[in-house]
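Written below as structure tokens is the structure these notes are about.
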Amino acid sequence: MSQEFPGITTMLIPLYNHERFINRALDSLLSSDCSQIELIIADDFSSDQSLSMAKTWLEQHQDKFFRTVLIANERNLGITANLNNMIEQASGEFISALASDDMLAKHSIDNQKRQLMCNASIDFVFVNCAIIDIDDNIIKKSVVGELQSKLLASPTYTMLNVLFNWNVIWSRLFARRKRFIEFGRYIEKHTIEDRWSALKIMNTHRYSYLHEIGYLYRFRGFEAHPAINSDDARYDFHRAERLLHPEAKGLLYVLLWIRRLPFRTNRGKWPCRLNIT
């Protein structure tokens, strides 16, 4: 959409075979001011009841939202292509995304939006996460501890952490939509989309970290994504870093050059840390 609505946050929820979790994900939006939320859900040709459950939920709650859109893909596009299509329909001043098996913490959207509205020099905000199991039990109350949160006040430390200590907080996006779409489209042949966007954000130097819990990341074991193996993830990381290296500036350029060296010899080693323990 070309029109932008001030103060509105577009929440993107790409949905695929998450009938067990989608209602919980959607319910978690309700603690924020829904009248200021544009909700876009895109079912990526699920083979279970995800689409019908999302449709039923919207019928019950759509009047609470500024605008709702439900997209039913006629074939499976994959996460990156699905996100690209959703972003084209977004019209909010701000934009964020929620995995359809995760949940938001209370007032998460309001709090992240406030962080951007109160800081004109910031276009992107990262936020702390808790980790839950399939039954919503807390596995880890906070991915980032108090000491590390103080260190993350330093942009240099944040960049080092993103590049060399990747974890779930860097995969959660909240942004000014106009600044985000300037990055261009996600690379659709990639199955790991968030490394690309995090590196783009690092290159802007217009980001901050908010220590309060914003997302509840659902850990379902390493078999939760059977279509993505460690080789696919490793090569997606490597491709994103290689493609973005020429446009990187300053310290990011140097660090990406250092990051690229081990990929030649790591023989399939997973390139990131989930930081569950």
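The values are calculated or read from the model by the stated rules, or taken from the named source; none is laboratory data. Note that the structure is a prediction, hence the values are computed from the model and not measured. No Cβ is skipped: glycine too gets one built from the backbone with ideal geometry, and neighbour counts run over all protein chains shown. To get the accessible areas, we keep the full protein, side chains included, count just its heavy atoms, and leave off ligands, DNA and RNA. Shrake-Rupley method; radii C 1.70, N 1.55, O 1.52, S 1.80 Å.
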Sort 47, 149 by heavy-atom solvent-accessible area, probe 1.4 angstrom, most to least.
47, 149
Please report the Cα spread of segment 11-140 along all three principal axes, rounded to whole Å, starting with the longest.
43, 36, 29
Between helix 251-260 and the chain, what is the angle of the helix's C-alpha long axis to the longest principal axis, kept within 0 to 90° and rounded to the nearest 10?
80 degrees
Which of 113/150; 106/178; 113/249; 141/178 have a Cα-Cα distance over 29 Å?
141/178
20 Å Cα-Cα reach of residue 140 towards aspartates and glutamates, excluding residues that sit fewer than 8 places from it in its own chain:
101, 102, 212, 223
The percentage of the accessible area of the chain (probe 1.4 Å, all protein chains present) made up of carbon and sulfur atoms, to the nearest whole number, is 53 percent
Once you list every other residue whose beta carbon is under 14 Å from the beta carbon of residue 77, what net charge do they have if Lys and Arg are +1 and Asp and Glu are -1?
-3
Cα-based Debye curve of segment 1-66 sampled at q = 0.18, 0.20 Å⁻¹ gives log₁₀ I(q)/I(0) of -0.67, -0.80
Quick one: angle between helix 108-117 and the longest Cα principal axis of the chain, in degrees between 0 and 90, rounded to 10, please.
60 degrees
How far is helix 79-89 tilted off the main Cα axis of the chain, in degrees rounded to 10, range 0 to 90?
60 degrees
Here the relative contact order (percent) of segment 1-119, from C-alpha pairs under 8 Å and at least 6 apart, is 44 percent
Could you sort the peptides 87-99, 21-33, 246-258 by per-residue average Cβ neighbour count (10 Å cutoff), highest mean leading?
87-99, 21-33, 246-258
Normalised per residue, the volume of the convex hull around the Cα set of segment 117-219 (Å³):
118 Å³
Give the Cα extents of the chain along the principal axes, in whole Å, largest first.
52, 41, 38
Note to self: with every protein chain in place and a 1.4 Å probe, segment 62-137 gives an accessible area per residue in Å² of 41 Å²
